[in-house]
Each structure stands twice: as structure tokens, then as C-alpha cells.
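What follows is a short report on a single structure.
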Amino acid sequence: MTASIVLAWSVVRTLLVATVAVSTAQLVLHRGIPADRPLLRRILPAALLVPLTIPELIVGFSWRYPAQFLTHSPAATEILYAGVLLIRSCAVALLVFLMMPQSAVTPESLHSWALLPDRTVRHRMTALRLNLTGPWRAFAVAWCLTALVSFQDFETAALIQIDRHPVAWTAWLFDAHAGGQQPSETLKRLAGPLTVQMALLIPAVLLIATVPERETESPAIRQTGERHLVCAVAACLFALTGLALTGLWPLAVMVPEAIRGLPLILRDGWGLAASQMATLGFSAAAAATALSAAFLLKRHGRLLWVILLLLPGLTGSLAVSLGLLRLFQLPGLRILWDTWLPLLLGQSLLMLPRAWVLLQILDRLVPVESLHSARLLKTDARFVPQARRLLWRLQELGWLAAVALLCHWCLWDVTTASILRPVSVEPVVTRLYREMHFSRTESLSALTLITMLMPAAAAGAGIAVRMLADRCGRWMPASGTPSSRSEAVG
């Protein structure tokens, strides 16, 4: 297939998947979640968002074996890939709907504008602008960002692809680059996909940046009538299907094989520990860099700088990696090529938009008043331990979870690691990606499971250390204050 055919095929699939995903997410949010069931209102969106935390590489690896039986039917392979992609796309659309605030442009204002007798082009353009910044805004942003994420998918397509199907421009361009294509030629072929991504990014950024003077909280979940039960059942079934296809199925396939393969992996315990810790440490550094940069941007950055710095990561890992590859081939920067700097910079740029979203989520989960009250407790030396525990639960625990999630995403970023890694070092994920194409062994499943658990284990160790320090601090009086025994004697 030529590059134009591959790109057109990817665009058509992206448009279809994004439209179905956004429509499904909107139905689930507004008609499928009962307003009188607060527990279900928390569990159902959380279940639908789980696919965002499952690495695409693991999903593709789990469905590679079933895809081998579909090589005689390209249509079946394309449907399988589109179904897996639809589940992740629905999660992206639902996240956008949950985060986008309801606009101040009310239906009453739109109705009042429609009653005006003026029917000029300017009048109609203003009506279109009011709709785009009002009731259509969340849907348009969700559609653009969902299409963008679907269009950028690489790992799932690369592993499900057996005989040229599913057709994906990312896998086609990556294979051409890995096959020895000149970087300049690869960048030329990247122009078409970048144009498509800009066509999706620019409207989304403009709609997000064009914030009305007054906005309410997140859109309320509105559903009444007899359709409610049918939509709720359909939403639950869809959530269970998504969990089964992207979460339960990979675990059901890998865990039995991993248990049998652990003794083989643990024979080289020191080598395994060294490679895992090196990869985890570097991923944690990139995650911390991205989260720190997002915090500084949120606190001090202007809108233009925020857009300019988030834009590279929004173009996808392949575009970021190829752009940095070309940058570090310039005469002044070539000396830094065979170091960790290109990979650190690439993953930090790629994670920056996600870190920005996580900060927005953390701000919404923790009320500002609670944080302020906890900080006020620290002004009284008698309540310093209690204030520290409150701040840990309200703020620090969320930051640790955000770093762990970003580290998890960095660790499973195949594209950036494959293109920008130093020659002398091989991250664990590139080894997994290479072996997943040729075999499915018990040792490979064990290594995959261990790698997947490393960020969570590191976060658990951090929580344990923090709790131990907190418990030790209980038995020590605060500096500058008498102990409880001294206070009693006094």
C-alpha cells in the first residue's frame, strides 16, 4: 500500500470510531448513570476510564494470538482492532465530558438570539459561535481529542497487525523508519499525518481556550423517564465489556503463563533487578519532570506558553520522537545524541499534556478550603503532626499517584524508547516489544507482568516509607514544644 492509501484508511477509521465513541460516552453520562445512585455514579465512570491505564502494548500482545486466526479475513481483523480502539476512545471522550465545565451560554440565550428578526450572515455566524461555545462545546472538544488519540495509536495496531491489517499509518511509518528509511524522508512522509492532527488540534485548543466569562461546574447528569433503566443496563454492559476486553482478558491470558515463567526469570535475579530499576528510575525522572513542568505552567504560565509547550506532546509519540531525532542530528547537538537526554526530553514532552490533565483532576478532587484549613493547622505547633497527616491524604498522596501513573505511561512508551534511547542501553519495553512479535512464552509473560507491576510497587514502597515516618514522628515531640508528659507536670 502507498502512503496516501494508508493515511486515508486511518483517517476514515478514526472518524468512524470517534463519532461512535463520543455518542456512546454522551449517552452513558447523561442517560446511563442514575442520579439517585451515588455509588453507581462513582463506579461506572471509573470502570469506563480503566482502559486509559492499560498499556496499549499489553492489549495488543493479548489480542495478537486471536488475530492470527483472522489473517484470512482482513475485515475481521479491522473490526477487532476498531473494537479495541473504540473502548479506549470512549474512555477519552468520557474523561473530556467529565472535565469540561458547562458553558454560561444557556439554552434561553440561544432561544432569545434565534427570535431576533435579523437573518444576515453575521447573525448566523454569531449563532454558530454561541452554539460552539455553548451546548456544542463539550461534544466538539471530545470528538476532536478522541479522534486525535485514535489516530495516534501505534502499539495496539503494530501487535495485532499480522498481514498488513489493520492498516495504520503509525505502524507503516515506524516500520519504514526501522527498515532503514532516511530520517529526512520519514519527516517528509510525516507531513500528511501532522496536517490531520493539526486539523483536530486547532479547533479543540481554540474551543478550550475560548472560555466564557462565567462557567458553572461540570455538566450535571440529567436523565429521567422510562428509558433510564435501559440506558443504565446498556452502560453497565458496555463498561463490563470494556473491562473484559482490555483488562480481564490480558490478565487471564498472562497470569497463568507468568506464574509458570517466574522461576525462569528469577534465575538471573540481579540482571532482572538492574534492568527494571534502571528503566523505572528513568521513567520516574521523566514523569517527575513532566509533572513539575505542568505545575509551573499552571501556576505561572500564560495561555500562549501553555499551548506552545503542550502542543508537541499532543502530536503523539511518533512525531515527537522523529522531530527530536532530527534535532539532535544537528551539528551543535550531535554530541548529546548517544545520551539519556533525548529520551528524557522526548518522554517529558509526551507526558506534559497528561500531567496537565492530572493536575486539573487533582484540583477538582481536593477542595481548596480543605487544603487551606490543613495548612492553617501547621501554624500551631501542637497540631503539626495532624496537619502533616491531613496534607498527606489531601495532597501528597494524589501527587504520588499522579507520578506513579505518569511513570507507568513512560515505562510502556515503546515509540520514544525505540527511537531516542542510547545505543548502549536497552529499556525493558523495547525488549518486550521485539519479543512479542515473534513468540509467546512463559518467561515473556512473566517479564511483562513484573514490568507492569513495577510502578505500583514503587508507589506502594513510597506510601509505606511515608507511613513509617509518620508513625515514628508520633513518638517525638514537635520542636520547640514540650512533650505531653511535661505539659501534664506543668
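As an exercise, use a Förster radius of 41 Å and the Cβ-Cβ distance of residue 379 and residue 336 to find the FRET efficiency, rounded to the nearest 0.05. The partial results should precede the final answer.
Values: r = 47 Å, r/R0 = 1.14.
In this case the efficiency is close to 0.30.
Could you give the DSSP H helices of the chain that reach 30 angstrom or more along their long axis (alpha carbon positions) and whose average Kyte-Doolittle hydropathy is no lower than -0.5? Don't skip to the end; give the middle numbers.
Working: long enough: 3-31 (41 Å, 1.41); 74-99 (37 Å, 1.84); 269-300 (45 Å, 0.79); 341-365 (34 Å, 1.18); 442-474 (47 Å, 0.86).
Taking the DSSP H segments of the chain (at least 30 Å long, mean hydropathy at least -0.5), we get 3-31, 74-99, 269-300, 341-365, 442-474.
Highest mean packing first, where packing is the average number of other Cβ atoms within 10 Å per residue, the peptides 74-82, 153-161 line up as 153-161, 74-82.
Carbon-plus-sulfur accessible fraction, the chain (probe radius 1.4 Å, protein heavy atoms only): 67%. Inter-label distance, residue 465 to residue 264: 3.4 nm, where each label sits 7 Å from its Cα along the C-beta direction.
Packing here is the average count of other Cβ atoms within 10 Å per residue, and on that basis the peptides 306-318, 387-399, highest first, run 306-318, 387-399. According to the calculation over all Cα-Cα pairs in segment 247-359, the P(r) per 5 Å bin from zero is 2, 10, 14, 14, 15, 14, 12, 9, 6, 3, 1 %.
Between residue 364 and residue 2, the simple spin-label model (points 7 angstrom out along Cα→Cβ) gives 4.5 nm.
Here the Debye sum runs over all C-alpha atoms of the chain as equal scatterers in vacuum, and log10 of I(q)/I(0) at q = 0.07 Å⁻¹ comes out as -0.44.
The modelled label-to-label distance for the pair residue 178/residue 126, using points 7 Å beyond Cα in the direction of Cβ, is 5.6 nm. Potential lengthening of the chain between residue 241 and residue 185 amounts to 16.0 nm, from the contour at 0.36 nm per residue minus the alpha-carbon distance.
For the chain, the solvent-accessible area works out to 52 Å² per residue, with a probe of 1.4 Å and every protein chain left in place.
Take the Cα radius of gyration of segment 268-490 and divide it by 2.2 N^0.38 Å, with N its residue count; two decimals is plenty.
Numbers: Rg = 21.8 Å, N = 223, 2.2 N^0.38 = 17.2 Å.
Relative to the rule-of-thumb radius for its length, segment 268-490 sits at 1.27.
The values are calculated or read from the model by the stated rules, or taken from the named source; none is laboratory data. Small disclaimer: the values here were computed from a predicted structure and weren't measured. Every residue, glycine as well, gets a Cβ built from its backbone with ideal geometry; the counts of neighbours run over all protein chains shown. What goes into the accessible areas is simple: the full protein's heavy atoms, side chains included, and nothing from ligands, DNA or RNA. Shrake-Rupley method; radii C 1.70, N 1.55, O 1.52, S 1.80 Å.
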